[in-house]
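Heads up: the structure comes next, in structure tokens.
The values are calculated or read from the model by the stated rules, or taken from the named source; none is laboratory data. For clarity, every value in this text was computed on a predicted model and none was experimentally measured. Don't worry about glycine lacking a Cβ; one is built from the backbone with ideal geometry, like all the others, and counts go over all protein chains shown. The protein model used for the area step is the full one, side chains on, heavy atoms only, and it has no ligands, DNA or RNA in it. Shrake-Rupley method; radii C 1.70, N 1.55, O 1.52, S 1.80 Å.
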Amino acid sequence: MNSVGEACTELKREYDQCFNRWFAEKFLKGDRSGDPCTDSFRKYQRCVQKAIRDKDIPIDGVDFMGPSKDKPES
Amino acid sequence: MVKYFCNSADIRSTWDHVVSAFWQRYPNPFSTHVLTEDVVYREVTADHRLLSRRLLMKTNRLPRWAERLFPSGMSRFVYIIEDSIVDPVNRSLTTYTWNLNHTTLMSVEERCVFQDSAEQPATTQLRREAWISSSVYGFSRPIQEFGLARFKSNQVKAMKGLEYALSNIQGEVPQRLLRDTVKDASEKAKEAAKSLASAATVPQKPQQYV
């Protein structure tokens, strides 16, 4: 799958591979021994955050789960 | 004016598989309209929940009559945010998705909760809610119908995409995994739509705007 930053797609793939393995083998099993993906995540983020700024994608200052705050649990 | 929908479905996979597949569902044969996918934020909280934000870029497939509502033009792409919380202790995945642009035409927000089915083993229950609104004056019937048709079509594609990812993980034939049990939710949706929206008939033949 492509990244919004054309130059970031390879970095994204590397990170995704690391994440998917860690997620299934460690995170879901309650293993809190630490995240092997911080390096690849940092490289990927440096690239993609720049692409987001360059393309003026209005993602800044959007609260996590933002619009859901005014919606009660069903 | 906001239209509200909810429904639920059973996915014949364990919650662990579903949550893993959630991260791996792009690309898939049903998501050709999704052009890019990026994780832009991620954090493991002190209580071991995983918070993530994904940014998706999708093609803007509007019929020409809708484009004419915006004479100065519209961006070719729709940007969508998907925020999610994975709680492996309570075994729930909650996602919240909404579009960042094109909101004047239509704002679509969707909340999904994936949890172990209380009734069936090795099955995950998905509860979905959506809020659709438009700032176009009058929220006219054609816009409503277009928006609803595309929303429902996208929901179907999303589920097929998830099935596809699950089958890759499990080595199963995709059709076996999904059984859509709409448990009296269509009744709920009709009631909610009636009370929230003006009388709008559900189109008999929803058009596909691909």
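Numbers below:
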| item | result |
| --- | --- |
| Close pairs from segment B:11-27: first at negative phi, partner at pLDDT 95 or above and acidic (Asp, Glu), Cβ under 6 Å, at least 6 apart | B:Trp15/B:Asp116; B:Tyr26/B:Glu37 |
| Conditions (1) part of a strand (DSSP E or B); (2) in contact (Cβ under 8 Å) with a residue 24 or more places away in the chain; (3) of a type outside the set (Ser, Thr, Tyr); (4) within 8 Å of another protein chain (Cβ to nearest Cβ): number failed by B:Arg111 | (2) |
| Residue in segment A:48-71 that is at pLDDT below 90, more than 18 Å from B:Tyr26 (Cβ to Cβ) and surrounded by 18 or more Cβ atoms within 10 Å (Cβ to Cβ) present | yes |
| Sole exception among (1) closer than 23 Å to B:Thr124 by Cβ; (2) facing chain A (nearest Cβ under 9 Å); (3) assigned to a strand (DSSP E or B) for B:Tyr26, by number | (3) |
| Number of the condition not met by A:Ser74 [criteria: (1) touching a Cys at 6+ places or on another chain (Cβ under 9 Å); (2) under 29 Å from B:Glu110 (Cα atoms); (3) open to solvent by 20 Å² or more (accessible area, probe 1.4 Å); (4) modelled with pLDDT of 95 or more] | (4) |
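To keep it simple, each residue is scored yes or no on (1) in a helix (DSSP H, G or I); (2) touching a residue at least 60 places away in the same chain (Cβ under 8 Å); (3) not polar (S, T, N, Q).
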{"site": "B:Pro121", "(1), (2), (3)": "no, no, yes"}
{"site": "B:Gln125", "(1), (2), (3)": "no, yes, no"}
{"site": "B:Glu129", "(1), (2), (3)": "no, yes, yes"}
{"site": "B:Ile132", "(1), (2), (3)": "no, yes, yes"}
{"site": "B:Phe146", "(1), (2), (3)": "yes, yes, yes"}
{"site": "B:Ala149", "(1), (2), (3)": "yes, yes, yes"}
{"site": "B:Ser153", "(1), (2), (3)": "yes, no, no"}
{"site": "B:Met159", "(1), (2), (3)": "yes, yes, yes"}
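This table checks each residue for (1) buried (at least 16 other Cβ atoms within 10 Å of the Cβ); (2) part of a loop (DSSP other than H, G, I, E, B); (3) touching a Ser or Thr at 6+ places or on another chain (Cβ under 9 Å).
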position	(1), (2), (3)
B:Val39	yes, no, yes
B:Glu43	no, no, yes
B:Ala46	no, yes, no
B:Arg54	yes, no, yes
B:Val78	yes, no, yes
B:Asp83	yes, no, yes
